[in-house]
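This report concerns only the one structure given below.
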Amino acid sequence: MAMKTKPSGVGALLNLPKHKCKSIRFDFRGLCQEGDDAVEPAVWRHVGHSKVAAETDVEEDAAAPSGRKGSCKSRKPSGTVSRTREICGYVTDAMVDALTQGSPPWRTPWKPGGGAALVPLRACGTPYRGINVVMLWRKAIAMGYSAPVWMTYRQAAARGGQVRKGERGTTVIKVGTVVRESEIPGEEPTRYGYLRSYRVFNLDQIDGLDDQFRAAVDRPKISGAGIDRALMAWFRRLDVGLETSGAPRAFYDVARDVIHMPPEDCFKDGATYAGVLLHETIHATGAPHRLDRRLSEAFSDTRYAHEELVAELGSAMAGALLGIEPRFEENAAYLKEWIKILKSDHRAILKAASAAQAACDWLMTQAGDLSGNPVAKSHPEESESPVIANGL
């Protein structure tokens, strides 16, 4: 039984709505002290023999005159869903490989000495979303890229740049849809979806571009000994319950819709507190009256681990926007379960990334950035994190 203590400076109970559901808590596993967008298509399939499908060919993935392609072998679709399976399989294999090595890509942008994580940007300046954020972070860390901007070979050439000979691109995905009108009068048209894969290059792989792409990206960063006031003001705009007691555990209580945080002196510094709070806040976005990820049903190891994956991805995405470094070090126990989930379902990582992006979007819509400024919304056609139907 947790001992009741007087709340700390951040611990006063805030907005505690009452909800009836099964009791389950999503704990931040481990010690707090460091060192001790678019409407999804109802039917998903590869769209063949159409102008739209023809326009989804992979972009040039290398600048070498020989036209050498990337390491992944090209396979022609053998059915209506084979191309989508191929893309999902590629992404899944990349994530399983990283997890097997104990280095989840969403953790690496925050390695010591790397500075604040930067959200990958397109040539036009808009941010990538969903699984593409993770894929591009993974490649940037592996290759040591420092620039946040990525573009296709053609986009670089159109801007006066030249991808260096021998450089290989990084695969990203995009969701496309086709609307097929029904032959039956009055019947709603059917929306078909497909995944397009193409390759992009980091600015560090390209010569001759204008200095405007090299402009420093100013990102806030929460640090210091005390709990950041701007962070707490941002959190209060979310209308999520928060309480503090002497119990040295951080968790989200689904039944009460309350995040519990330990006292301030349980944390190494303000950045540690912020990272743990953000992780639990992502869990809170799954409440029934928010995004409804059916948290009250997550009693099985698989469902619980999937929600933890969403929380890790979501806190990394939101943390990059807010300058908050999520704390992942003590979550290694989930790695085996995540590998099992991804191997059993080739869509699992895309589903988790989609849910994480939705959680991040919800937070930014409700509270804006740390200064309260609204965060620009992506256009529907920029969706990159589909929830793929069970048929694929």
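Residues in segment 63-114 that are farther than 26 Å from Tyr153 by Cβ, at pLDDT 50 or above and not in a helix (DSSP H, G or I): Val81, Gln101, Gly102, Ser103, Pro104, Trp106, Arg107.
If you go through segment 165-180 and keep only what is farther than 23 Å from Pro127 by Cβ and either of a type in the set (A, V, I, L, M) or not assigned by TED's automatic domain parsing to the domain that holds Asp93 (or both), you end up with Val178, Val179. In segment 173-189, of all residues being part of a strand (DSSP E or B) and farther than 15 Å from Gln155 by Cβ, the one that is farthest from the chain's Cα centre (by Cα) corresponds to Arg180. Here Ser371 fits the description: of a type in the set (S, T, N, Q), over 17 Å from the mean Cα position of the chain (by Cα) and either in a helix (DSSP H, G or I) or more than 19 Å from Tyr252 (Cβ to Cβ) (or both).
Using the structure shown, decide if Ala356 is at pLDDT 80 or above, closer than 21 Å to Leu195 by Cβ and surrounded by 22 or more Cβ atoms within 10 Å (Cβ to Cβ). For Ala356, the condition - at pLDDT 80 or above, closer than 21 Å to Leu195 by Cβ and surrounded by 22 or more Cβ atoms within 10 Å (Cβ to Cβ) - is met.
Report yes if some residue within segment 153-160 is over 28 Å from the mean Cα position of the chain (by Cα) and in a loop (DSSP other than H, G, I, E, B); otherwise report no.
Yes.
Of all the numbered requirements in (1) assigned to a loop (DSSP other than H, G, I, E, B); (2) under 30 Å from Asp97 (Cβ atoms), Asn132 misses one, and that requirement is (1).
Residues that are among the acidic types (Asp, Glu), in contact with an Asp or Glu (Cβ under 9 Å, 6 or more places away or on another chain) and crowded, with 17+ Cβ neighbours inside 10 Å do occur in segment 300-309.
Within segment 190-203, is even one residue of a type in the set (Val, Ile, Thr), modelled with pLDDT under 95 and in a strand (DSSP E or B)? For segment 190-203, residues of a type in the set (Val, Ile, Thr), modelled with pLDDT under 95 and in a strand (DSSP E or B): present. The set of residues from segment 295-311 being under 15 Å from Phe251 (Cβ atoms), assigned to a helix (DSSP H, G or I) and not hydroxyl-bearing (Ser, Thr, Tyr) comprises Leu295, Glu307, Glu308, Ala311. So for segment 169-187 (the condition being modelled with pLDDT under 95, within 14 Å of Phe213 (Cβ to Cβ), hydroxyl-bearing (Ser, Thr, Tyr) and in contact with a helix residue (DSSP H, G or I) (Cβ under 9 Å, 6 or more places away or on another chain)), does at least one residue qualify? Within segment 169-187, none of the residues are modelled with pLDDT under 95, within 14 Å of Phe213 (Cβ to Cβ), hydroxyl-bearing (Ser, Thr, Tyr) and in contact with a helix residue (DSSP H, G or I) (Cβ under 9 Å, 6 or more places away or on another chain). Evaluated against (1) crowded, with 22+ Cβ neighbours inside 10 Å; (2) touching a Pro at 6+ places or on another chain (Cβ under 9 Å); (3) hydrophobic (A, V, I, L, M, F, W, C); (4) farther than 26 Å from Ala352 by Cα, Ala156 falls short on exactly one condition, (2). Considering only residues in segment 359-385 that are under 21 Å from Tyr194 (Cα atoms) and out of contact with any Asp or Glu (no Cβ under 6 Å at 6 or more places or on another chain), the one that is modelled with the lowest pLDDT turns out to be Glu381. Just one residue in the set Leu238, Leu291 is over 28 Å from Ile341 (Cα atoms), in the same structural domain as Ala348 (by TED's automatic domain parsing), under 23 Å from the mean Cα position of the chain (by Cα) and surrounded by fewer than 22 Cβ atoms within 10 Å (Cβ to Cβ); that residue is Leu238.
Between Val310, Val276, the distinction of being within 14 Å of the chain's Cα centre (by Cα), at pLDDT 85 or above and farther than 24 Å from Gly125 by Cβ belongs to Val310 only. All conditions in (1) at pLDDT 95 or above; (2) within 19 Å of Cys360 (Cα to Cα); (3) outside any helix (DSSP H, G or I) hold for Pro288, with the sole exception of (1). Scanning segment 181-204 for residues that are more than 13 Å from Ala123 (Cα to Cα), among the aliphatic types (A, V, I, L, M) and buried (at least 17 other Cβ atoms within 10 Å of the Cβ) yields a single hit, Leu195.
The values are calculated or read from the model by the stated rules, or taken from the named source; none is laboratory data. These numbers come from a predicted model, not from an experiment. Cβ: placed from backbone, ideal geometry, glycine included. Neighbour counts: every protein chain shown.
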